[in-house]
C-alpha cells in the first residue's frame, strides 16, 4: 500500500512539473505572438525621450549629465522587459494560455498585431501623431471602422483604464516627490496632492480619448473588416478579457514604479541644490 501511495505521489509531482513547464512554454509563445518585446521597446523609447525632455518643467533648469544618467537608469530597457514579462505572467491565468495562443497565432491575427506595433512606433513621431489626431477629430475616417473601434474601446474599457492609470501615476509621482523635498515647508498635504491630480482628470480624459482613437484608426485602417470583427469579438470572451486585465495590471504596476522613481530623482536633485 505504501509503495502504491508513494508511486501516486511521485506521479502527481511529475504531472504538476510537466503542467508548469507546459504553462511556461505557452506563455513564452503568447509573449512572442503578441509582439511584447517590440512593444515594450517602443514604450521604453517613448518614456525615456519624454522624461529626458522634461527637465526644464520638473527642475526649472537643464538637468545635465546627472539628470540624463538618472533617467536612463530608471528607464533601463532590460529591466523594463523583465518587469513586464514577470508581472504579465503572474497576472494571466494559465487556463487561458492555450485559447489565446490558438487565436493569436493565425496569420490574420498576426497581421493585426504587427499593424498595432507599426502604428505605435509611428506615433513616436509627434507630427505623425498630431496628424492622426486631427484626422479623427475632423471626422475624416470611415464610419463603419469608427463604430467597430468604438465597440472595441467600450468592450475593453480602454478610456477609463487609461485615465485611471494616468491619474494614479501622477499621484505616485507627486507623492514621492513631495516626500523627497528638502524642506517640509515646501511639501504639499495629501489633500493638496489629490486635489491637484483630480484637477487634471478632464484634460487627461480628453487627451486619452483623442490618442486612443487616433492610434486605433491608424492601426486598423488596413485591416480586413471581417478579421477586425473577429478580433473585437474575441476580446469580449473570457480569455480576451483576462488578457486585457492582465496587460493593464502589469503595465500599470510598471508605470507606477517609473513615476515613483522619477519623482524621487526630482526631489533628490532639488534637495541637493538647496544644500
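The values are calculated or read from the model by the stated rules, or taken from the named source; none is laboratory data. This structure is a prediction, so every number in the text was calculated from the model and none was measured. Cβ coordinates were reconstructed from backbone atoms using ideal geometry, including for glycine residues, and neighbour counts include every protein chain displayed.
Assorted remarks:
- Tally, over segment 44-84, of residues that are over 12 Å from residue 266 (Cα atoms), in contact (Cβ under 8 Å) with a residue 12 or more places away in the chain and not in a helix (DSSP H, G or I): 1
- Positions within segment 202-232 being in contact with a helix residue (DSSP H, G or I) (Cβ under 9 Å, 6 or more places away or on another chain) and without any contact (Cβ under 8 Å) to a residue 60 or more places away in the chain, in sequence order: 204, 205, 207, 208, 209, 212, 226
- Test set (1) buried (at least 16 other Cβ atoms within 10 Å of the Cβ); (2) over 19 Å from the mean Cα position of the chain (by Cα); (3) more than 30 Å from residue 111 (Cα to Cα) - residue 204 fails condition number: (2)
- Here residue 170 fits the description: at pLDDT 95 or above and assigned to a helix (DSSP H, G or I).
- Residue match in segment 184-191 (condition: surrounded by fewer than 18 Cβ atoms within 10 Å (Cβ to Cβ) and either touching a strand residue (DSSP E or B) at 6+ places or on another chain (Cβ under 9 Å) or modelled with pLDDT of 95 or more (or both)): no
- Unmet requirement for residue 192, which otherwise passes all of (1) touching a residue at least 24 places away in the same chain (Cβ under 8 Å); (2) more than 26 Å from residue 131 (Cβ to Cβ); (3) over 19 Å from the mean Cα position of the chain (by Cα): (1)
- Selected residue [surrounded by 15 or more Cβ atoms within 10 Å (Cβ to Cβ) and closer than 24 Å to residue 248 by Cα] from 167, 124: 167
Residue-wise test of (1) within 20 Å of the chain's Cα centre (by Cα); (2) surrounded by 14 or more Cβ atoms within 10 Å (Cβ to Cβ).
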{"site": "32", "(1), (2)": "yes, yes"}
{"site": "47", "(1), (2)": "yes, yes"}
{"site": "57", "(1), (2)": "no, no"}
{"site": "65", "(1), (2)": "no, no"}
{"site": "73", "(1), (2)": "yes, no"}
{"site": "84", "(1), (2)": "yes, yes"}
{"site": "90", "(1), (2)": "yes, no"}
{"site": "130", "(1), (2)": "no, no"}
